[in-house]
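The values are calculated or read from the model by the stated rules, or taken from the named source; none is laboratory data. Here the structure is a predicted model, which is why all the values come from computation and not from measurement. Here the Cβ positions follow ideal geometry from the backbone for every residue, glycine too, while neighbour counts run over all protein chains shown. Please note that ligands, DNA and RNA were not included when accessible areas were found on the heavy atoms of the full protein model with its side chains. Shrake-Rupley method; radii C 1.70, N 1.55, O 1.52, S 1.80 Å.
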There are 2 protein chains.
Amino acid sequence: MTNRVYINEVGLRDGLQNQPNPVSTESKLKLADALIAAGIRQLEAVSFVNPKAVPQMADGAQVLAGLPTIADLNVAALVPNMKGYERAKAEGVKSVAVVLASTDTFNLRNLNMTLEQTKATCQQVIAQAKQDGIFVRGYVSGAIACPYDGTTPVDLVHKLTQDLIEFGADEISIADTIGAGNPQQINDILGPLVQQYGADIFNLHLHDTRGQALAMAWAGITQGVRRFDSSIGGLGGCPFAPGASGNVATEDLVYMLQESGFETGIDLQGLRNAVIVAEQATGQSLGGSVVQWMKSQELRKQKNQSPCI
Amino acid sequence: MTNRVYINEVGLRDGLQNQPNPVSTESKLKLADALIAAGIRQLEAVSFVNPKAVPQMADGAQVLAGLPTIADLNVAALVPNMKGYERAKAEGVKSVAVVLASTDTFNLRNLNMTLEQTKATCQQVIAQAKQDGIFVRGYVSGAIACPYDGTTPVDLVHKLTQDLIEFGADEISIADTIGAGNPQQINDILGPLVQQYGADIFNLHLHDTRGQALAMAWAGITQGVRRFDSSIGGLGGCPFAPGASGNVATEDLVYMLQESGFETGIDLQGLRNAVIVAEQATGQSLGGSVVQWMKSQELRKQKNQSPCI
């Protein structure tokens, strides 16, 4: 089993899409620069969705145009349908992500399509992307629970994953979109999938709403998964609910993995700096547990106190 | 492997010992009642240390006397030496805990003894307790890192564990006293120990300083460990450093384990109530991730908003 882990930073997309205050293109690009400086090489940077529905993502083309040109930087765009795909392709994107949610309700609320309609759309986008030589990742969204219909049966997750793989998806992200999961579910979902397809095509997209994300990521590691989404400072979630966290914080995940002997190519102090940039961009106080700990150590240093044990 | 997990609540001892404001005996007993009502049946309730050094623990005898008499309630006292042991025994305690820290510096700062002196003290207390028919648990404290001397070698943890077992300890708690660990270290420490002694005598005592506690607990679960310490609301830690968390929150641990199919006999809503009692007792805002999530849901309910996804 390899010790290399690939972190896909989704803060610019999943983290910013629900922000209550507008975040300027310039701020987004500053954040991207800080993330790249920290060693991030996979960025889900934009989403080509309806700008009326998600105004925070309306400047996707400008964000893509403003990103630095770095040979090993992988930039992806989320595309909900063919229209979004064509916009992403026109901007020269080499990697796209499609989203297949686990229930009719969730697909209808997100994309105004039933599950079957979304599946057909995914099939169409994936086929076109393969023809165009564009990498496609398929999200199985609500893979643990649907926010409207409750717990998602494991068999259904397996079936939707299989569908996306058969359509030609290069990578599958099992997404606990609302942070409702536990580590045993990761074993139950990933175990059979890894046995059938190998671990390399799977990614875990975890939210930390109930503090379970790192334990679930560790369960993923034990299943052989080496690809994870995360969001700088834990950016994201529901901005109107205090305590409802967003994606697992990149710094928490990177800390756990690096301390456990895995290589991510990412520098923790660089992530600390990126959290500061993200705080400036959003006007929020951010940071997962590791940054909260770093902040407390910084404060003690300022006060000339010894590090707190 | 059994699905039953034993949670040892240490909030009354480890959680309260460093509180900046005095907590009355009455408040402690109210908290104990709330914890017992939630289904907690193992309480490390008091510590018979020097009351001048740790004034918050000066009322140990009164706390013990005030606890309800429940047949299956296991109440333990931490005892640093023979003097503490004799005080605990005089109060009729059926279970004590001794502490062996991993370095000279840590033992000297905690107990004013070198590692070898502490080891000799542990041996003496354990021998006496066995003679008196009292259950003894040995903490290997600073098992991941010493707050003064840095990382603890795994071999040393194995050696100290072996010593305590040879002295006659009934249970060993591997304690990441400062929350410096990662899940791989749990595998490295527990793997060989479980192979040699079986999993049943081991407990994990984790702090959540850097957000790693649940992932480490899950690593413990995969090694067969079924005994964990935790503290209601994450009570504890260094009260003078914002963001420096205490013990892993009981509610976070119980949530993870129960959702993952393990039985703890503990009710989550009961723990939510106990957090309120702990907040009243300490004047602090408390709660691990799960209680923060429950608080946000309660707030939305008050405002007649639908649960936040």
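How far, in nm to one decimal, is B:Gly133 from itself in the other copies if the label point is set 7 angstrom along Cα toward Cβ? Shortest first, please.
When each copy's label point is compared with this one, the spacings are 8.2 nm.
Work out, step by step, the length gained on full extension between B:Asn18 and B:His158: first 0.36 nm times the residue separation, then minus their alpha carbon distance; give nm to one decimal. Kindly include the intermediate steps, with their values, before the conclusion.
Numbers: separation 140, 0.36 × 140 = 50.40 nm, distance 2.88 nm.
47.5 nm is the gain from fully extending B:Asn18 to B:His158.
In what sequence, highest mean first, do A:169-180, B:183-194 appear when ranked by Cβ atoms within 10 angstrom?
Working: A:169-180: 24.2, B:183-194: 20.8.
By packing density, highest mean first, the sequence is A:169-180, B:183-194.
Enter the angle in degrees (range 0 to 90, nearest 10) between the Cα long axis of helix A:25-37 and the first principal axis of the Cα atoms of chain A, meaning the one along which they spread out most.
Roughly 70 degrees, rounded to the nearest 10.
If you consider only alpha-carbon coordinates, what radius of gyration and Dmax does region B:6-302 have, in Å?
According to the Cα coordinates of region B:6-302, Rg and Dmax are 17.8, 57 Å.
I'd like the antiparallel share, as a percent to the nearest 5, of DSSP beta bridges with both residues in region B:6-302. Let's see the in-between values first.
Working: 3 of 35 bridges.
Of all bridge pairs located within region B:6-302, approximately 10 percent are antiparallel.
At 7 angstrom along the Cα-to-beta-carbon line, where would the label on A:Thr69 sit relative to the other copies? Give the distances in nm, shortest first.
Label point to label point, same position, other copies: 8.4 nm.
Other chains near A:198-209: what is the mean number of their Cβ atoms within 10 Å of each residue's Cβ?
Values: counts 0, 0, 0, 0, 0, 0, 0, 0, 0, 1, 3, 7.
Mean shielding by partner chains, rounded to a whole number: 1.
Mind checking the mean number of beta-carbon atoms from other chains within 10 Å of the Cβ atoms in A:292-303? Show your work: numbers first, answer last.
Numbers: counts 7, 9, 2, 4, 9, 3, 1, 5, 5, 0, 0, 2.
Neighbouring Cβ atoms belonging to other protein chains average 4 per residue here.
Given N residues in the protein assembly as shown, what is Rg(Cα) / (2.2 N^0.38 Å)?
1.00
Work from the charge dipole of region B:6-302 (Cβ charges, +1 for Lys and Arg, -1 for Asp and Glu, about the Cα centre) and give the residue of B:Gly181, B:Ile144, B:Gln56 farthest towards its positive end.
After comparing all options, I get B:Gln56.
Taking 4 °C and 1.567 mPa s as the conditions, I'd like the Stokes-Einstein D for region B:1-47 in µm²/s, using the Kirkwood hydrodynamic radius from alpha carbon pairs. Numbers along the way, then the final one.
Working: Rh = 11.7 Å.
After rounding, the answer is 111 µm²/s.
If all Cα-Cα distances of region A:156-239 are sorted into 10 Å bins from 0 onward, what percent lands in each bin, rounded to whole numbers?
Spelled out bin by bin, region A:156-239 gives 18, 53, 26, 4 percent.
Among DSSP beta bridges whose residues both lie in the protein assembly as shown, state the antiparallel percentage, nearest 5.
Details: 6 of 72 bridges.
If we restrict to bridges inside the protein assembly as shown, about 10 percent are antiparallel.
Sorted by mean Cβ packing within 10 Å, highest first, what order do the peptides A:201-211, A:63-73 take?
Details: A:201-211: 26.3, A:63-73: 12.6.
Ranked by mean Cβ neighbours within 10 Å, highest first: A:201-211, A:63-73.
Counting only C-alpha contacts under 8 Å and six or more residues apart, can you give the relative contact order of region A:6-302 as a whole percent?
Details: 596 pairs, mean separation 57.0, N = 297.
Answer for region A:6-302 is 19 percent.
Accessible area per residue, 1.4 Å probe, Å², for the protein assembly as shown: what's the number?
Numbers: 23610 Å² over 618 residues.
On a per-residue basis, the protein assembly as shown sits at 38 Å².
Eigenvalues of the Cα gyration tensor times 5, then square-rooted: what semi-axes does that give for region A:123-167, in whole angstrom, largest first? Could the numbers behind the result be given before it?
Numbers: eigenvalues 130, 22, 9 Å².
Rounded to whole Å, the semi-axes are 25, 10, 7.
Using 0.36 nm per residue of separation minus the Cα-Cα distance, give me the extension gain between A:Gln117 and A:Asp188 in nm, one decimal.
So the chain would gain 22.8 nm between A:Gln117 and A:Asp188.
Ignoring ligands, DNA and RNA, how do B:Glu166, A:Glu251, B:Glu86 rank by accessible area with a 1.4 Å probe, largest first? Don't jump to the answer; show the numbers that get you there.
Numbers: B:Glu166 135, A:Glu251 0, B:Glu86 80 Å².
The ordering from most to least exposed comes out as B:Glu166, B:Glu86, A:Glu251.
May I ask for the accessible area buried between chains B and A, both sides summed, probe 1.4 Å, to the nearest 100 Å²?
Working: alone 13350 and 13360 Å², together 23610 Å².
In total, chains B and A hide about 3100 Å² from solvent.
Once the Cα atoms of region A:80-163 are picked out, what are the Rg and Dmax in Å?
13.0, 38
Suppose we look only past 21 Å in the calculated P(r) of region A:195-285. What percent of the Cα-Cα pairs does that tail hold? Could you put the intermediate results ahead of the total?
Working: 1414 of 4095 pairs.
Pairs farther apart than 21 Å: 35 percent.
For peptide B:181-190, how many partner chain Cβ atoms fall within 10 Å of a residue's Cβ, on average?
4
Cα to Cα, under 29 Å, and not fewer than 8 places away if on the same chain: which lysines meet these conditions relative to B:Lys89?
Here the lysines satisfying the reach criterion relative to B:Lys89 are B:Lys28, B:Lys30, B:Lys52, B:Lys119, B:Lys130, B:Lys159.
Take the solvent-accessible surface of the protein heavy atoms, probe 1.4 Å, and return the percent of it on chain B that carbon and sulfur atoms account for. Spell out each step's value before the answer.
On the way: 5740 of 11800 Å².
So the carbon and sulfur contribution to the accessible surface is 49 percent.
At q = 0.10, 0.13, 0.15, 0.21 Å⁻¹, what log₁₀ I(q)/I(0) does region B:1-108 have when each alpha carbon counts as one equal point scatterer in the Debye sum?
-0.29, -0.49, -0.64, -1.17
Would you jot down the residues in region A:217-231 that end up with at least 30 Å² less accessible area in the complete protein assembly than in the chain alone, with a 1.4 Å probe?
A:Trp218
Once the label point is placed 7 Å from Cα along Cβ, list for B:Asn273 the distances to the corresponding points in the other copies, in nm, shortest first.
Label-point separations across copies, in nm and ascending: 5.2.
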